[in-house]
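Single-structure report; data block below.
The values are calculated or read from the model by the stated rules, or taken from the named source; none is laboratory data. From a predicted model like this one, the values you see are computed outputs, not experimental measurements. Ideal geometry is used to build each Cβ from the backbone, glycine not excepted, and the neighbour counts take in all protein chains shown. With ligands, DNA and RNA removed, areas are computed over all heavy atoms of the protein, side chains included. Shrake-Rupley method; radii C 1.70, N 1.55, O 1.52, S 1.80 Å.
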Amino acid sequence: MYNRYIPPPKPAGGAAAPVSSSQPVSQAPAQPARIVFGDDDFVANKQSKTVAEEPIQQVEEPKSKSKKSKKQRDTDDAEEPPRKKTKTDDNDDEQQQQQDEAQPEAATSDTLPIKKEPKKPKREKKKKESVLEKPADLEDDHIRQRHRSVFEKVEKALKLKELQGDEKEDTPEPEEPVYDLGPLPQPAPVVVDSSKLTYETLPPWLANPIRVTTETRKPFTDLGISAEAAKILATKGFKDAFAVQTAALPLLLPNPDLQGDVVVAAPTGSGKTLAYVLPMVQDIALSQTTKLRGVIVLPTRDLVQQVQQACEACAAAFAGSSGGKRVKVGTAMGNRPFKEEQGVIMGTEQEYDLKGYQKWLERQKQLVDLDEDSEQEEEELDLQLKRPLPYHVIQHVPKVDILICTPGRLVEHITKTKGFTLDYVRWLVVDEADKLLAQDFQQWLDVVNEKLAVSKPGARDFAANNKTGPRKVILSATMTRDITLLNGLKLSRPKLVVLEGAKAGDLAIPATLKEYAIKITEPSLKPLYLVDLLQSKYMVPVNGEDVAAGSESSSSSSDSSSDSSSDSDSDSDSEAEPTTRKAKSVSKPTTSKARAAAFPTTALIFTASNQSALRLSRLLSLLLPPSFAPLIGTLTSSTKTSVRLRTLRAFTSGKLRILVASDLVSRGIDLSNLDHVINYDLPLSETSYVHRVGRTARAGREGKAWTLVEFAEARRFWREFVGEGQGAVCNVKRAEGRTVERVRVTEGMDEGGEKKKNGGFSEERVKELEKALEVLRVEATKRG
Ligand SMILES: Nc1ncnc2c1ncn2[C@@H]1O[C@H](COP(=O)(O)OP(=O)(O)OP(=O)(O)O)[C@@H](O)[C@H]1O
């Protein structure tokens, strides 16, 4: 047995084999075939050769015969159930076909020659194969000679195929992947490019801030504050300038050489307020007349009032010092009727003006024709009542040098208050800037920028002081790095001041703050966790100042100190079983001393909304011992401003010890006696977290922050606020080695790692909570 390569079939009439246009290209040319011959095959092959030499017209009979046999097969198929065609069947077909083709003579003898038709590709191939099968013996030199080039090509192609075949045998067949019901194969995870940019995308002033170490302290006099003023400041508790003040004051105090705007990004409680109030007041105190020289914009009324106090303190310090005047400070925040507010910040005065007086007289005549209902008429009548002196006119003049305001109210005065102008403004301060820039209250910034762009010759200049036009001071503990937002301020030659180790955009936590997290295993019983925290050993005055005084509190004070030491112990072993502080007094206290004895420390509790603050406040008064009830206050944005102010005063004086608040007071509010901040509800953002916890641990004092973390919130809290866990992305910056400690405040909770029924709370306490909630429900129904 041997292998032979057979050339392509000889086309009929010596021409190239005709290719039907409908025939697929791959089937068009006759392919060389490798045929395996047995010794016995020679007979058949010889017959094939004969067929090949016959004219094609005579080859029609096998076709009809084949048709016949197909018909026959169809009939068979109809009788027999359809059978899957196997390889053997194919071979049988082929053999049958070969046989059919091998006996054409017999077939042609009893059929008439039919006109030649193009053959079906398969049949043609078969026929060609049969042609190939003729014993093209080596002697058949004639054919070889004629088709030498074709032979060579075929041999070449077959050799190549053989080689490829060998290669294929060597390389193992790739295994077909088998898919089951498991997860579909996923693309490889995207590798995050952690490489750092080699170029700076921030403008130089943001990228290269002025840095100052947190511990820096300097006497105010060294920084350019007059000795007299520094003396008065010291009596108010401001002995030395804080770090941020040491950096900002030299940049802002009047100096002909130093110009440009200043941006301050420093942590909560670092003393940013004084950093701008002091230079501003010192500068404005040098002016002779009262003109609106300074505008301070703040996001809330509570902050307006707080900054007003700082301004008044500084105004008092500079009054009379170096021949300065007492700076007049006013507020505009919408806590009183607009007209009343206008009367506070603007007044009238008579000015000799002959021409103006003539005009006024003419106008009086025209007034008769005015529509009675018009607003304009009302105004004119107002003026008529304030009839000027002969040859004088009534002028609207400012009553304040510094206006502290909310942005909305500022815009209202700019647009509606007669004579209100920013023409003389030398200072524009934007405190809590990130908040004010993010929320465009009545497009306040555009309105203000437009007014500040107006430059009356000399209106903003002071002799001997820097003549830089309006200076802008922008401050926040969570300053944005968003250039688009900062551009809105239209800063001129700005400089950025940050504390050492920080950069713009950092959300720094004061170094003196300790943070804790309490796991809430039963969210429905969350109020009970808070009750336990408020009564736990952790609730002690963190700065060692027990505000509770007197006979009742002396025992409490000693208790506190022992608790205090145990507290510091507990910091290192926070998982130790907590001991619950029992309320000192069960009866309702009548004196402030007795109240202080009941709860010797102070706590500010943050909730997610006004509504939940009101509910929680009431719930606490029901769940805590009766002695606590008079110590609890509530602060929400829906509370009247005057009530809020009273509440804050009561808290700072120690009368109230627990404040439940919405995020209204999370920014800027300075409660110097606040020991603990409790996040009852998780804050919405890292920024909000930093502002909330920053209400304590201010001005270098100690403070503690507690966050109640439900299971569903844990991932977010640890990743975003603490920076722990896989894929943590956290912008909150803590002092070296500082993190958030996990603590337990409820006795028996999760004892031995085993989760107990009701989170470890007794049936009795759960019922107590249910009862209190029912009271709340009834009260709410009554209110309608
Ligand atoms: N030089 C100083 N000496 C003593 N106390 C100071 C000094 N400067 C500021 N303080 C006090 O520090 C506290 C925090 O100051 P301030 O309210 O200005 O902080 P802040 O940086 O504006 O904080 P926040 O970002 O939360 O608004 C205030 O009680 C303030 O009276």
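Among the residues of region 667-683, the one identified as hydroxyl-bearing (Ser, Thr, Tyr) and closer than 18 Å to residue 701 by Cα is 672. Go through the residues of region 441-461 one by one and say whether even a single one is within 16 Å of the ligand (Cβ to nearest atom), on the phi < 0 side of the Ramachandran plot and not in a loop (DSSP other than H, G, I, E, B). No, region 441-461 contains no residue that is within 16 Å of the ligand (Cβ to nearest atom), on the phi < 0 side of the Ramachandran plot and not in a loop (DSSP other than H, G, I, E, B).
Given the structure, is residue 705 within 18 Å of residue 306 (Cα to Cα), touching a residue at least 40 places away in the same chain (Cβ under 8 Å) and within 16 Å of the ligand (Cβ to nearest atom)? So residue 705 does not fit the description; no.
The residues of region 498-530 that are at pLDDT 95 or above and within 21 Å of residue 733 (Cβ to Cβ), listed by number, are 513, 514, 515, 516, 517. Under 40 Å from the mean Cα position of the chain (by Cα), more than 10 Å from the ligand (Cβ to nearest atom) and assigned by the TED database to the domain that holds residue 432: is that true of residue 274 in this structure? So residue 274 fails the test.
Applying the criterion of being of a type outside the set (Gly, Ala, Ser) and within 9 Å of the ligand (Cβ to nearest atom) to the residues of region 239-254, the residue that is surrounded by the fewest Cβ atoms within 10 Å (Cβ to Cβ) is 239.
Confirm whether residue 268 is within 9 Å of the ligand (Cβ to nearest atom) and in contact with a His (Cβ under 9 Å, 6 or more places away or on another chain).
Values: within 9 Å of the ligand (Cβ to nearest atom): yes; in contact with a His (Cβ under 9 Å, 6 or more places away or on another chain): yes.
Considered against the rule, which asks whether it is within 9 Å of the ligand (Cβ to nearest atom) and in contact with a His (Cβ under 9 Å, 6 or more places away or on another chain), residue 268 comes out as yes.
Considered as a group, the residues in region 215-238 that are in a loop (DSSP other than H, G, I, E, B) and open to solvent by 70 Å² or more (accessible area, probe 1.4 Å) include one that is nearest to the ligand (Cβ to nearest atom), and that residue is 238. When residue 321 is tested against (1) open to solvent by 40 Å² or more (accessible area, probe 1.4 Å); (2) more than 13 Å from the ligand (Cβ to nearest atom); (3) farther than 25 Å from residue 449 by Cα, just one condition goes unmet, and that condition is (1).
Which of the residues spanning region 481-524 are of a type outside the set (A, V, I, L, M) and assigned to a strand (DSSP E or B)? Step through it out loud before you land on a result.
Here is the first cut: in region 481-524, the residues of a type outside the set (A, V, I, L, M) are 481-482, 484, 487-488, 490, 492-495, 500-501, 503, 505-506, 510, 512, 514-516, 519, 521-524.
Within region 481-524, 495, 514, 515, 516, 519 meet the criteria.
Residue 205 meets all of the listed conditions (1) assigned to a helix (DSSP H, G or I); (2) within 13 Å of the ligand (Cβ to nearest atom) but one, namely (2). Restricting to region 265-288, count the residues that are touching a Phe, Trp or Tyr at 6+ places or on another chain (Cβ under 8 Å) and open to solvent by 10 Å² or more (accessible area, probe 1.4 Å). Adding up the residues that qualify gives 5.
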